[in-house]
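Working notes for the structure below.
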Amino acid sequence: MPVIVLLPESLRPRRMLNKNEVIRVRVLAADRGLEPEDGVAHRVPDPRGGLEGSEAAERFLQAELELGALLRQLSFGGAVRYTYNPLEYAWDMHSRFVRAYCHGGQSVLFLGMNPGPFGMAQTGVPFGEVKSVRDWLKISGEVGRPAEEHPKRRIVGLACAQSEVSGARFWGFFRRLCGEPAVFFRHCFVHNLCPLVFMNANGKNLTPPELPAAERDALLALCDGGLCQVVRALGVSTVVGVGRVAERRARRALAAAGMEVRVEGLMHPSPRNPQANKGWEPIAEAKLAELGVLKLLSP
């Protein structure tokens, strides 16, 4: 008797699968919480009422699921006490964001490093400062909680009262330039190289470069591969690394994969950056003009 697998739209194949691909799909289905019964995996409700997003969005989401499955095999020591993955507990909001704004024809990918504790960690949206996500991007949905939380870094989703400065600067800048989200997303999309949040015992945010060398290298090797998959899925011609680390990793990963994609850099809006604190928007605007991206953001 043939095995029938009913999957969420983000995992549905567009051709007949071979034996190895069937095994991989079963793994991905398990990752999404599908429970097999008598050879059948029953479909969970789609977060947007069963409406499939663009083909580019579905390829993008599948690439993220595959990276997530690989990252779950890693463990982190050293100063890392807590690890959050918003692509697990905030998948509902994240997939709504992707399906709303990711589509074919986008040529520029803005690439951050990893989520901040008061941004994407809360909302599932890259640089996802709560007010920007709720009031400008108009994304809402369910947000669960990681298995283990730091008592000072609880996940409360859109109820989070603390603003993430980097995200407020990032989306505030594009809101001023574009007016409406559709103008920004006409040519651009946003992604993080690494989906994980790391904290020490005191709740201090740790970035991937601050991890022990062996753990950092294993993590970023997987994330580099994930980035290549995402770039292939979207078909973008330019990656703009937000911050030097994201720029360097993108340049290295895409070159090693033999992908002819332009990689450029943009100063990170982080409050840790003294230059950004003196006025990030004029610097960002001048850089995007130099790169030829600014003209793509006119209403």
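Overview of results
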item	result
Reachable lysines, given that their alpha-carbon falls under 28 Å from the alpha-carbon of Lys131 and they are not under 8 places away in the same chain	Lys152, Lys204, Lys278, Lys287, Lys295
Virtual spin-label span in nm between Ala147 and Ala161, 7 Å along Cα→Cβ	3.2
Ranked by how many other beta carbons lie within 10 Å on average, peptides 200-212, 132-144 from highest	132-144, 200-212
Binned Cα-Cα distances of segment 118-197, short to long, each 10 Å bin given as a whole percent	18, 51, 26, 5
Note, ³J(HN,Hα) from phi for segment 262-272, Karplus 6.51, -1.76, 1.60, rounded to Hz, x at Gly and Pro	6, 10, 10, x, 9, 4, 6, x, 4, x, 6
Karplus 3J(HN,Hα) series, Hz, for segment 247-256 with 6.51 cos²θ - 1.76 cosθ + 1.60 (x for Gly, Pro)	4, 4, 5, 5, 4, 5, 5, 6, 5, 5
Amide H contacts of Asn192 (H built 1.01 Å from N, under 5 Å, at least 5 apart or other chain)	Gly112
Translational D in µm²/s for segment 167-242 (Stokes-Einstein at 10 °C, 1.306 mPa s, Kirkwood Rh from C-alpha pairs)	107
Whole-number D in µm²/s for segment 245-299 (Stokes-Einstein; Kirkwood sum over Cα pairs; 25 °C, 0.890 mPa s)	192
Cα gyration tensor shape for segment 39-191, rounded if a/c is under 1.5, else prolate or oblate	oblate
Descending semi-axes in Å of segment 192-299, equivalent ellipsoid built from Cα gyration tensor	25, 22, 10
Whole-number percent relative contact order across segment 183-299, with pairs defined as alpha carbons under 8 Å at least 6 apart	21
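Here, each number is a calculation from the coordinates, and none is a lab measurement. Quantities reported herein were computed from a predicted structural model and do not represent experimental measurements. All Cβ positions, glycine included, derive from the backbone under ideal geometry; neighbour counts span all protein chains shown.
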